[in-house]
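S.K.: Below is a structure I'd like to ask you about.
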Amino acid sequence: MIWLLKRGAAVVALLFALVASPVAYVELACRPSIVPSSDVPILPPEHHRPEGRTLLTYPEWHIVHAYDDYAQVIANGAPHDYAYFKSVAGFWQSLCSVSKASGPVGGFPNQFKSTIYTIGISFTFEMLAKALYEETLGRFAVVMRGDEPASLDILSAQQAAQYAQFLQQVPWYQWDFERDAVALKNAETDVWRDRERRFALGIEYGLKARYARVIKAAVANLEPDALRLRLIVRDLQPNRLAAEEGVEVISMRPEGIEVEAPRYRALTKLLDQWAAEGADFVEIAGNDDIMLTVTSSNPRLDQALYSFDRQGYGDTRHLVLVPVLT
């Protein structure tokens, strides 16, 4: 009995060390040198986001991009073709890079780092669990299947693509994993690969559905992250800005037009569209610097904070910190 307790304690200690090691690495080896800023925001304080969050936001998007890459890979390949370990390493390496770069924008707000670490640990466990299965039993099932995808290979690829698109705007725990499990059951045939996919993905979807309910309950009483933000735009007419769905013109300022707009992917599309029409952006959520990602066939970009290959696309994503107004 004592032997079992000792063995169990050793396993727990090992797991704790594995979980804590990337967090400890970021905390110890990736600390920024804080540079005091004299910039005075234009927007009032209630519409400011700490400027360091423009960098701290990226790790969550790394996960969104990872699911998009995964969907792209399995659209024309198999789950074991996806580099799970590379994806996990990319999360922690990108977090380290943006942490080091956060000094000029005030560093990372401490109250948000624990959330990022929790998300990173969850993502790490999920990717490692998928790798363990897909690189062994999953790979064997593909060999037994042959070159032609089974019905549930096609369906699961479609589900992965839909999920990746969903994550562009909505938190993952809002996804209906139970619906996907039912869809697998209804589309299953007598082919062995279909049975294996329903079994493996059914377990995955079931666990995610349970975890999603836990997360929903945990955040139910928390103040939700703002779904809208304010920014100052110039060189476009107010009626043109207000013509976009979800956009509200707040006031005319000497620096430009204050507008309120939806965040996340919806904002990305708006900024891209307005920029193409000649708009300049003066300030976004009280920030005069913002980080964005760009994709390029060039694997290196001198001003990039971090660059990594996009799996399934054959190009590179770069993280770039730029002034809002150039």
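The values are calculated or read from the model by the stated rules, or taken from the named source; none is laboratory data. Remember, predicted model here, so these are calculated numbers, not experimental data. Cβ: placed from backbone, ideal geometry, glycine included. Neighbour counts: every protein chain shown.
S.K.: Anything in segment 79-102 that is surrounded by fewer than 20 Cβ atoms within 10 Å (Cβ to Cβ) and more than 12 Å from Leu56 (Cα to Cα)? List them, or say none.
M.R.: Across segment 79-102, the qualifying residues are Asp81, Ala83, Phe85, Lys86, Ala89, Gln93.
S.K.: Of Pro79, Pro36, Pro59, which residue is at pLDDT below 90, of a type outside the set (A, V, I, L, M) and within 22 Å of the chain's Cα centre (by Cα)? Even if it seems obvious, please write down each step before you answer.
M.R.: Values: Pro79 fails: at pLDDT below 90; Pro36 fails: within 22 Å of the chain's Cα centre (by Cα).
The unique qualifying residue is Pro59.
S.K.: Sticking with this structure for a sec: Can you tell me which residues in segment 143-187 are part of a helix (DSSP H, G or I) and small (Gly, Ala, Ser)? Please lay out each step first, then the result.
M.R.: Start the filter on segment 143-187 by keeping residues that are part of a helix (DSSP H, G or I), which leaves 143-145, 151-166, 172-174, 177-187.
Selection gives Ser151, Ser156, Ala157, Ala160, Ala161, Ala164, Ala181, Ala183, Ala187.
S.K.: From the list Gly90, Gly103, which residue is farther than 20 Å from Gly202 by Cβ and in contact with a strand residue (DSSP E or B) (Cβ under 6 Å, 6 or more places away or on another chain)? Please lay out each step first, then the result.
M.R.: On the way: Gly103 fails: in contact with a strand residue (DSSP E or B) (Cβ under 6 Å, 6 or more places away or on another chain).
Result of the check over Gly90, Gly103: Gly90.
S.K.: Please find, among Asp180, Asp190, the residue that is crowded, with 16+ Cβ neighbours inside 10 Å, farther than 30 Å from Ala285 by Cα and not basic (Lys, Arg).
M.R.: On the way: Asp190 fails: crowded, with 16+ Cβ neighbours inside 10 Å.
The conditions single out Asp180.
For (1) surrounded by fewer than 20 Cβ atoms within 10 Å (Cβ to Cβ); (2) among the hydrophobic types (A, V, I, L, M, F, W, C); (3) in contact with a Gly (Cβ under 9 Å, 6 or more places away or on another chain), each residue gets a yes or a no:
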site: Glu283; (1), (2), (3): no, no, yes
site: Ile290; (1), (2), (3): no, yes, no
site: Ser296; (1), (2), (3): yes, no, no
site: Asp302; (1), (2), (3): yes, no, no
site: Tyr306; (1), (2), (3): no, no, yes
site: Gly314; (1), (2), (3): yes, no, no
site: Leu319; (1), (2), (3): no, yes, no
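S.K.: Check segment 101-124 and report whether any residue there is in contact with a helix residue (DSSP H, G or I) (Cβ under 6 Å, 6 or more places away or on another chain), within 22 Å of Ile74 (Cα to Cα) and assigned by TED's automatic domain parsing to the domain that holds Val191.
M.R.: Taking every residue of segment 101-124 in turn, at least one turns out to be in contact with a helix residue (DSSP H, G or I) (Cβ under 6 Å, 6 or more places away or on another chain), within 22 Å of Ile74 (Cα to Cα) and assigned by TED's automatic domain parsing to the domain that holds Val191.
S.K.: Select from segment 271-322 the residues that are of a type outside the set (A, V, I, L, M, F, W, C), closer than 22 Å to Arg253 by Cα and assigned to a strand (DSSP E or B) and list them in ascending order.
M.R.: Correct list: Asp280, Glu283, Asn287, Asp289.
Here is a yes/no grid of residues against (1) in contact (Cβ under 8 Å) with a residue 40 or more places away in the chain; (2) within 30 Å of Glu134 (Cα to Cα):
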site	(1), (2)
Glu188	no, yes
Arg210	no, yes
Val214	no, yes
Val233	yes, no
Ile250	no, no
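S.K.: A further question follows. From the list Ser97, Ser21, Ser87, which residue is polar (S, T, N, Q), assigned to a helix (DSSP H, G or I) and within 30 Å of Ile154 (Cβ to Cβ)? Let's see the steps before the verdict.
M.R.: Details: Ser97 fails: within 30 Å of Ile154 (Cβ to Cβ); Ser21 fails: within 30 Å of Ile154 (Cβ to Cβ).
So the residue among Ser97, Ser21, Ser87 that is polar (S, T, N, Q), assigned to a helix (DSSP H, G or I) and within 30 Å of Ile154 (Cβ to Cβ) is Ser87.
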